[in-house]
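Colleague: What follows is a single structure, and I will ask about it in a moment.
Values in this text are rule-based calculations from the coordinates and carry no lab data. Since the structure is predicted, the reported quantities are computational estimates derived from the model, not experimental observations. Here Cβ is always computed from backbone atoms with ideal geometry, including for glycine, and neighbour counts include all displayed protein chains.
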Amino acid sequence: MRIGVVTFPGSLDDRDAARAVRVAGGEAVALWHGDADLHSVDAVVLPGGFSYGDYLRCGAIARFAPVMGPLVDAANGGLPVLGICNGFQVLCESHLLPGALVRNDSLHFVCRDQLLRIESTSTVWTSDYEPGQEIVVPLKNGEGGYVASEAVLDELEGQGRVVARYLEVNPNGSRRDIAGIANARGNVVGLMPHPEHAVEALTGPTTDGLGFFTSILKGLVEA
Amino acid sequence: MARVVVDVMLKPEILDPQGKAVEGALGRLGLSGITSVRQGKSFVLELEGEVDDARLAQVHELAASLLSNPVIEDYAIREVTA
């Protein structure tokens, strides 16, 4: 199973994302922002970082990178895509996911090990978790406040598309404590915390993040 | 040469923590009577030739697709004399 990881100018967590794919047992394929195609990968991870310096708005310029044309088409066709942190921002700017991510309400950059509850296991990226499972993974963002209209928030809740929620602390002012969401089909997931930093005991607070990567690999095998 | 300015502001219902931080500094300057501050962005575009309807349509497209995010922001376009 070949999972592509896109590197934009300013991406930081592409190597950790690729490593998480390998730790879970997959083959990580490096994709470049200037690529005109997706090299026949089975799924794509958009990693965290500060693509294009976060100039204009986070993810706003990355949305127009050459690789995003085929990526948006493929995602609309069902290709599994996981956007982490800056990758989540890119997915929202690309209109693959509804809503937007704005400056943390505290104005501070937040870096902490964050308790989350997995709210939906019906996406291809979370099927390996137990419903309601609580996990701890790193969170690090300055603009992670998830906002959307009340109608969109109600729709996300009603359709079971809230994938993960912050527990104990809402670190960034996200509406309804939302940490991650999915599209209607469940193949595109955006998440502000970083599961790719919690896949090995040596460097992570837990190995709870591994489930995102084992989920997709199992899903692809069964597909 | 013509000049067009695109002003981008967070929608009124979106919390603006940066504006709040500026607002919080006003008291330290000893200022009073300013009840709210909201922060936005301005993009100054210099165009070749005259600003006609076709050009303005281009600027609207640019403002709606790149310069602003319609989920959280509103934009306004104004012509200024260079």
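Colleague: In nanometres, what is the gap between the two model label sites at residue A:15 and residue B:41, each 7 Å from Cα along Cα-to-Cβ?
Modeller: Taking the simple label geometry, residue A:15 and residue B:41 are separated by 3.0 nm.
Colleague: Relative to the first principal axis of the alpha-carbon coordinates of chain B, what is the inclination of helix B:53-62, with its axis defined by its Cα atoms, in degrees from 0 to 90 and to the nearest 10?
Modeller: That helix lies at roughly 50 degrees to the long axis.
Colleague: Could you give the length gained by full extension between residue A:152 and residue A:73, i.e. 0.36 nm per residue of separation minus their alpha carbon distance, to one decimal place? Spell out each step's value before the answer.
Modeller: Numbers: separation 79, 0.36 × 79 = 28.44 nm, distance 2.28 nm.
Result for the pair: 26.2 nm of gain on full extension.
Colleague: Most exposed first by the Cβ proxy, i.e. fewest other Cβ within 10 Å, how do A:192, A:68 rank? Kindly include the intermediate steps, with their values, before the conclusion.
Modeller: Details: A:192 32, A:68 21.
If I rank by nearby Cβ atoms, fewest first, I get A:68, A:192.
Colleague: Another question, then. How large is the helix-only mean residue ellipticity at 222 nm for chain A, computed as the sum of -39500 (n - 2.57) over DSSP H runs with n ≥ 4, divided by its residue count, in deg cm²/dmol to the nearest 500?
Modeller: Calculated at 222 nm, the ellipticity per residue is -6500 deg cm²/dmol.
Colleague: Please work out, to two decimal places, the log10 of the ratio I(q)/I(0) at q = 0.07, 0.08, 0.09 Å⁻¹ from a Debye calculation in which every Cα of chain A carries one identical scatterer.
Modeller: Normalising to I(0) and taking log10 leaves -0.17, -0.23, -0.29.
Colleague: To continue, here is another question. As a test, work out the antiparallel percent of DSSP beta bridges whose residues both lie in the protein assembly as shown, rounded to the nearest 5.
Modeller: 70
Colleague: Give me the distance between the Cα centres of the range A:1-69 and the range B:4-28, rounded to whole Å.
Modeller: 32
Colleague: Binning every alpha carbon pair distance of chain B at 10 Å from zero, what are the percents per bin?
Modeller: Spelled out bin by bin, chain B gives 16, 37, 25, 17, 4 percent.
Colleague: Between residue B:15 and residue B:60, what FRET efficiency comes out of the Förster formula 1/(1 + (r/R0)^6) with R0 = 22 Å and r the beta carbon distance, rounded to 0.05?
Modeller: Rounded to the nearest 0.05, the efficiency is 0.25.
Colleague: Moving to a separate point now. Taking the Cα centre of chain A as the origin, how large is its charge dipole in debye, to the nearest 20, when only Lys and Arg (+1) and Asp and Glu (-1) carry charge on their Cβ atoms? If you can, show how the numbers build up before the last one.
Modeller: On the way: 16 positive and 27 negative charges, 48 e Å.
Dipole about the Cα centre, nearest 20: 240 debye.
Colleague: Would you mind giving the average projected area, over all directions, of the Cα convex hull of the range A:96-142 in nm² with one decimal? It would help to have the intermediate numbers written out before the result.
Modeller: Values: hull surface 17.3 nm².
If you wrap the Cα atoms of the range A:96-142 in a convex hull and average its projections, you get 4.3 nm².
Colleague: Label residue A:222 and residue B:32 with points 7 Å out from Cα along Cα→Cβ: what is the distance between them in nm?
Modeller: Taking the simple label geometry, residue A:222 and residue B:32 are separated by 6.7 nm.
Colleague: Which one, B:27, B:64, B:42, is farthest towards the positive end of the dipole of chain B when Lys and Arg carry +1 and Asp and Glu -1 on their Cβ?
Modeller: B:27
Colleague: Next question, about the same structure. Give me A:35, A:16, A:73, A:113 ranked fewest to most by other Cβ atoms within 10 Å of their Cβ, as a rough exposure proxy.
Modeller: A:73, A:113, A:35, A:16
Colleague: Give me A:194, A:33 sorted ascending by neighbouring Cβ count inside 10 Å, so fewest comes first.
Modeller: Lowest count first: A:33, A:194.
Colleague: Taking R0 as 41 Å, what FRET efficiency do you get between residue B:79 and residue A:109 from their Cβ-Cβ distance, rounded to the nearest 0.05?
Modeller: For residue B:79 and residue A:109, the calculated efficiency is 0.60.
Colleague: I would also like to ask the following. Using only the Cα atoms, work out Rg/Rh for the range A:17-140, with Rh taken as the Kirkwood radius, to two decimals.
Modeller: Computed over Cα atoms, the ratio is 0.96.
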